[in-house]
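Colleague: Below are the structure tokens for one structure; questions will follow.
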2 protein chains.
Amino acid sequence: MGRDQARPRPSLRRGVHRFRNRARRRDGNLERDGADVDHPRCRAHAVHQHRIRAGADRVIVRAIGLLSGGRTVVPGRVRRVDRGKVVIEKFLSADARNLRPSAIRALAKYINDPKVISFAGGSPNPETFPAERFAAIADRVLRERRNVSLQYGPTRGLPRLCEFVAARSRVKSEEVILTTGSQQALDLISHCLLDAGDIVAVELPTYIGGTSAFYARSATLAGVAQDDDGIVPESLDDVARKKRIKLLYTIPNFQNPSGRLMSQRRRDRVLEIANRHDFLIVEDDPYGDLVYVEGADTTPIKSRDRDGRVLYLGTFSKILAPGVRCGWIVGPKSLIDRVEIAKQAADLCSGMLDQSIIDEYCHAGELPGQIENVRAFYRGKRALMLSALQEHFGGRAHWTAASGGLFTFMTLSDSIDTASRIETAVANGVTYVPGSPFFVDGSGQNTMRLTFAKESDERLREGVQRLAHVFA
Amino acid sequence: MGRDQARPRPSLRRGVHRFRNRARRRDGNLERDGADVDHPRCRAHAVHQHRIRAGADRVIVRAIGLLSGGRTVVPGRVRRVDRGKVVIEKFLSADARNLRPSAIRALAKYINDPKVISFAGGSPNPETFPAERFAAIADRVLRERRNVSLQYGPTRGLPRLCEFVAARSRVKSEEVILTTGSQQALDLISHCLLDAGDIVAVELPTYIGGTSAFYARSATLAGVAQDDDGIVPESLDDVARKKRIKLLYTIPNFQNPSGRLMSQRRRDRVLEIANRHDFLIVEDDPYGDLVYVEGADTTPIKSRDRDGRVLYLGTFSKILAPGVRCGWIVGPKSLIDRVEIAKQAADLCSGMLDQSIIDEYCHAGELPGQIENVRAFYRGKRALMLSALQEHFGGRAHWTAASGGLFTFMTLSDSIDTASRIETAVANGVTYVPGSPFFVDGSGQNTMRLTFAKESDERLREGVQRLAHVFA
């Protein structure tokens, strides 16, 4: 830093400097390890790879939170100089330098206390998993068909399961590929379609697994406004006029994190804009089957796609279980063929035991009943959450009605910063996910994502009360 | 083609032209679909994206074989113009344009006839899979621990299984990450380390899953000579002098496809050269536990790595089963941390049921006994194969002694082209993998890979006899 003293420092550089001194005070052993902080905001302020001597990742991550005014969108990359002679950093690819760890996963480490009621996380509730049926099926496919369930399989996926998915989506089997969860679908699509700097339009807010797959290809993300009906067409059109969008990433059904359902009229408009500006649409639909309210129309954009413009992503994670990793892509054959080759290089094939179990389960006709069970399970929890929010936050916040899915999204008054209160919340025995990580433009500091999936009814009520206390 | 008539055409362009006419004759419906042939050799001869009207993939793939003189290294990319209005091709990333389908997988389609004795393929024998034990364990982990076996899990892998792998490799747990098979390990390493045009040194011949992961990042591959002791140090040194190698990909133990075991002396030399020229080593070791001959020393290069230069890849695919997708990377913590973030974007986590089963199995101490069983199973088949080869090919070919692994590699007289005889072989009820797809320099047309893993003892003997007939 010495040489920089003469130059005027932008505020963030000053912040880094301040933190370094602060960190020094906290930890006597700070000079021992070298660590680089490389935060998007740091980069924006031209303090790229500014070196900070510090003791622990945790301290640094928190410091970045402080530096960016408590609005840590992504906790940034923390680098450590290797102990060995080889400095791996200099071998990293450009894409690897752009990798950003999930802010939510980072959060998860601090929340393993059963005393803490969790509205954070995005996992489905294990009580909904058809574990007993899976056990019976696993026993059979392992003993009787080991040459399928334990062997390498087709990259495209188990043929009968591909056909099941295709029939359910009313497409041809050649337009389907099974993937290792729908995260792999995002990764493969990114691989096949994105070069560094390509522009992906995403909703404000949007799912972090989506943005991480796009960042992993060094794509540039452009935020598009949403309202209660989903994407605001004027905003999308505006972005598309200003920038050459390659694809739009959208989650029309009970979006993660917003919980919103895009209206069918808006879906028409979005497709029309995509046609006009000639970009592709990645339609991610993990929650489409989790409908709790009559009349919620979840018909995918894909169903009105005549041109092969929409790539539809589905998954068994929320209606069966995510531990058996199985998602899928529906798209034009020419792209699916290319995705298959990319998947060959990515993992040869997805888990064959997983696919065998799911295939048997679906083939036995058990999926519709299971979906009914899952809906019934979450329907009650959703109602509880919404009425508790009304009781404790009515009049001073608003939140998504969430006619399906796993989340409601709450917006508090502008002056509140939800990220800065997470430690207070944990201390008060409740957690949530601060909303700003979901906004690629860094906004949303007064929002939070709440899942009603995890907790018991009693804890759910209690949790909202605790939350109200934190934001009293 | 009209406009090109005046210009002198290189031979391959003439070949494409010739094929088009030939394809027209074979199939009356050829003009219906549009397809582009984009073969590496075509590109080399400046006939990039030359358009050919043709009816079927199969015909095109075979045609490419013809075009390249029967030496089809990689069957090239076959593109079809979309039926919809959106032409996906124009949206493809540069890396996707570089994707190459596996020549071996393409071959697999034609070989599903039980009358054909197969020395092709690289899958382990299902008789070695511990299916009964897995069934019992699956039943337990599904019924009793659904919140682990069916839920999302840590990106890094199930902690106890990570620790097991780390202990087995005598490294710290923080130096290990579990992956969706070791193909994903190759993919993640490629993602983290390779930019387009980076140079990866690979053995001649080498594993196609490795090269496909490197090609998927648009890397440039440089071949390094091998002899019966493994990599020829002078060749590696020579390549490193001429080119800035970023990493060396090597399979020291019972290589795929060559079956060779690199001597310990050579491993020293390879590491020394890597130190001198400062490149990383990716040491892929799927077969290290499959030792059939006393005195075969499989000590990994990683074991002498003090600098964090070697990334070691292991897998349960060959000692347990590949359908439960579980491999791992051992490497310096700084890289493993980065790989973890890349994996977050790639699939969030690997299959948790798979990991739970393998974890229980290993924790119960059953792995050493299983490895002994697998060794015993293949030991006999290997001996049979080698003695049958001696009987039928003695004096007119040579092959690898294969003290472990699943393959022997046969080299016939220079005038023989194994790729051109594959159809004759299938007609004679036997298959193999032509060697040239494994050579990144396009050589090896007189070689073939033979696996002794798949067939019964009787069929194994019979198959070699049929093979001798084909190459009489």
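Every read-out reported here was derived from the displayed coordinates using simple, explicitly stated rules and does not represent laboratory data. Note that this is a predicted model, so its numbers are computed, not measured. For neighbour counting, all protein chains shown are included, and Cβ atoms are generated from backbone atoms with ideal geometry for every residue, glycine included.
Colleague: Which loop trypsin sites (Lys or Arg not before Pro) in the stretch A:166-274, with loop taken from DSSP, have no more than 15 other Cβ atoms within 10 angstrom of their Cβ?
Modeller: Counting only loop positions with at most 15 other Cβ atoms within 10 Å, the trypsin sites (Lys or Arg not before Pro) in the stretch A:166-274 are A:170, A:172, A:243, A:244.
Colleague: Something else about it: What lysines sit close enough to residue B:454 to cross-link, taking a C-alpha to C-alpha distance under 29 Å and skipping anything fewer than 8 places away on the same chain?
Modeller: List returned: A:343, B:109, B:115, B:318, B:381.
Colleague: On the principal axes of its Cα set, how long, how wide and how thick is the stretch B:186-252? Give whole Å, largest value first.
Modeller: For the stretch B:186-252, the Cα extents along the three principal axes come out at 31, 23, 13 Å.
Colleague: Another question, if that's okay. How far is residue A:113 from itself in the other copies, in nm, if each label sits 7 Å out from Cα along the Cα-Cβ line, shortest first?
Modeller: 6.9
Colleague: Restricting everything to alpha-carbon atoms, can you work out Rg to Rh for the stretch B:382-463 with a Kirkwood hydrodynamic radius?
Modeller: 0.94
Colleague: Hey, how many Å between the Cα centroid of the stretch B:350-385 and the Cα centroid of the stretch A:366-393?
Modeller: 44 Å
Colleague: So for the stretch A:236-368: antiparallel DSSP bridges make up what percent, rounded to the nearest 5? Spell out each step's value before the answer.
Modeller: Numbers: 4 of 12 bridges.
Just about 35 percent of them are antiparallel.
Colleague: Can you list the trypsin sites (Lys or Arg not before Pro) in the stretch A:297-397 that are in a DSSP coil and have 14 or fewer other beta carbons within 10 angstrom?
Modeller: Details: sites: A:302, A:304, A:306, A:309, A:318, A:325, A:333, A:338, A:343, A:375, A:379, A:381, A:382, A:396; in loops: A:306, A:309, A:318, A:325, A:396.
Sites meeting the loop and neighbour criteria: A:306, A:396.
Colleague: List the distances, in nm and shortest first, from the label point of residue B:229 to the matching label points in every other copy, placing each point 7 Å from Cα along the Cα-to-Cβ direction.
Modeller: Sorted ascending, the copy-to-copy spacings read 7.7 nm.
Colleague: Need one number: convex hull volume per residue for the stretch B:132-367, Cα atoms only, in Å³. All intermediate terms of the calculation are to be shown ahead of the outcome.
Modeller: Details: hull volume 27.3 nm³, N = 236.
Per residue, the Cα convex hull of the stretch B:132-367 comes to 116 Å³.
Colleague: What are the distances, in nm and sorted shortest first, from the label point of residue B:195 to the label points of the same position in each other copy, with each label point placed 7 Å from Cα along the Cα-to-Cβ direction?
Modeller: In nanometres, ordered from closest: 1.5.
Colleague: Excluding residue B:312 itself, calculate the net charge of residues whose Cβ lies under 12 Å from the Cβ of residue B:312, where each Lys or Arg counts +1 and each Asp or Glu counts -1. Each step should come with its number before you reach the end.
Modeller: Numbers: positive: B:168, B:170, B:302, B:304, B:309; negative: B:175, B:283, B:284, B:285, B:305.
Local net charge: 0.
Colleague: Where nothing but the Cβ of Lys and Arg (+1) and of Asp and Glu (-1) is charged, how large is the charge dipole of the stretch B:353-465 around its Cα centre, in debye to the nearest 20?
Modeller: That gives a dipole near 400 debye.
Colleague: Now, a different point. When Lys and Arg each count +1 and Asp and Glu each count -1, what net charge do the other residues less than 12 Å away from residue A:408, Cβ to Cβ, add up to?
Modeller: Numbers: positive: A:260, A:381, A:382, A:449; negative: none.
For residues surrounding residue A:408, the net value is +4.
Colleague: Using +1 on the beta carbon of Lys and Arg, -1 on that of Asp and Glu, and nothing else charged, what's the dipole of the stretch B:132-367 about the Cα centre, debye to 20? Before the final figure, lay out the partial values.
Modeller: Values: 31 positive and 34 negative charges, 98 e Å.
With only Lys, Arg, Asp and Glu charged at Cβ, the dipole is about 480 debye.
Colleague: Given the pairs B:242/B:302; A:172/A:302; A:90/B:242; A:246/B:333, which are separated by over 24 angstrom at their Cα positions? Could you put the intermediate results ahead of the total?
Modeller: Details: B:242/B:302 26 Å; A:172/A:302 14 Å; A:90/B:242 20 Å; A:246/B:333 36 Å.
Checking Cα-Cα distances, B:242/B:302; A:246/B:333 exceed 24 Å.
Colleague: Sort out for me the Cα centre separation of the stretch A:139-182 from the stretch B:109-177, rounded to whole Å.
Modeller: 18 Å
Colleague: Would you list, by chain and number, the aspartates and glutamates whose Cα falls below 18 Å from the Cα of residue A:243, excluding same-chain residues fewer than 8 positions away?
Modeller: Straight-distance partners of residue A:243: A:195, A:198, A:203, A:234, A:272, A:278, A:441.
Colleague: Inside 10 Å of the C-beta atoms of B:131-143, what's the mean count of C-beta atoms belonging to other chains? Walk me through the intermediate numbers first.
Modeller: Working: counts 9, 4, 1, 8, 10, 3, 2, 10, 7, 1, 4, 15, 5.
Counting Cβ atoms of other protein chains within 10 Å of each residue's Cβ and averaging gives 6.
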